[in-house]
Amino acid sequence: MSPLHAPTSTVSPGAAPWPRASPRGQVTLNDLRPEHLSEVAGIPKGRLIYVKLGLDAGTPAAMQQLRRAGFMPATQCGWYGLMQRGYQEHELDLHCPISRALHQDSLRSEAA
């Protein structure tokens, strides 16, 4: 399987342990507390890990802590902050039962 199409696991700090079968993963950090950064830094090495950081006043320090743990910007694209305009919350109309279940799980995770 091509590395670009390898299975990806997404985890949140404080959630279940990192899935062993996944060759790469994605972590989204909206809360940049040191204990969350330490948890991400402790993810086993040898896997391709993407970390998306929330941008706030603590972001520079969080980036330094992650760099000390071996994370770095991709050489091809560097660091980016994603901004948006015109977003309006709306109810999703999902027809696929799997998509509906995943969406409901994500809403429960956010509320916890």
Close pairs (7 angstrom Cβ cut-off, 6 or more residues apart or separate chains): over 23 Å from L29 (Cβ atoms) in the range 88-112, assigned to a loop (DSSP other than H, G, I, E, B) and open to solvent by less than 100 Å² (accessible area, probe 1.4 Å) anywhere:
R100/L94
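Report, by residue number, each residue of the range 85-101 that is modelled with pLDDT of 85 or more and loosely packed, with under 10 Cβ neighbours inside 10 Å.
In the first step, residues of the range 85-101 are kept if they are modelled with pLDDT of 85 or more; the result is 93-101.
Within the range 85-101, D93, H95, C96, P97, I98 qualify.
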Does the range 3-15 contain at least one residue that is touching a helix residue (DSSP H, G or I) at 6+ places or on another chain (Cβ under 6 Å), modelled with pLDDT under 65 and open to solvent by less than 40 Å² (accessible area, probe 1.4 Å)?
yes
Quick check on A21: is it hydrophobic (A, V, I, L, M, F, W, C), over 22 Å from A112 (Cβ atoms) and at pLDDT 85 or above?
no
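Conditions tested, residue by residue: (1) at pLDDT 90 or above; (2) open to solvent by less than 30 Å² (accessible area, probe 1.4 Å); (3) under 15 Å from the mean Cα position of the chain (by Cα).
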position	(1), (2), (3)
S38	yes, no, yes
P44	no, no, no
L48	no, no, yes
L55	no, no, yes
A62	yes, yes, yes
A69	yes, yes, no
Q76	no, no, no
W79	no, no, yes
M83	no, no, no
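The values are calculated or read from the model by the stated rules, or taken from the named source; none is laboratory data. In this text, all values refer to a predicted model and were calculated from it rather than measured experimentally. Because the Cβ atoms are built from the backbone with ideal geometry, glycine has one as well, and the counts that use them run over all protein chains shown. Protein only, heavy atoms only, side chains kept; ligands, DNA and RNA dropped before computing areas. Shrake-Rupley method; radii C 1.70, N 1.55, O 1.52, S 1.80 Å.
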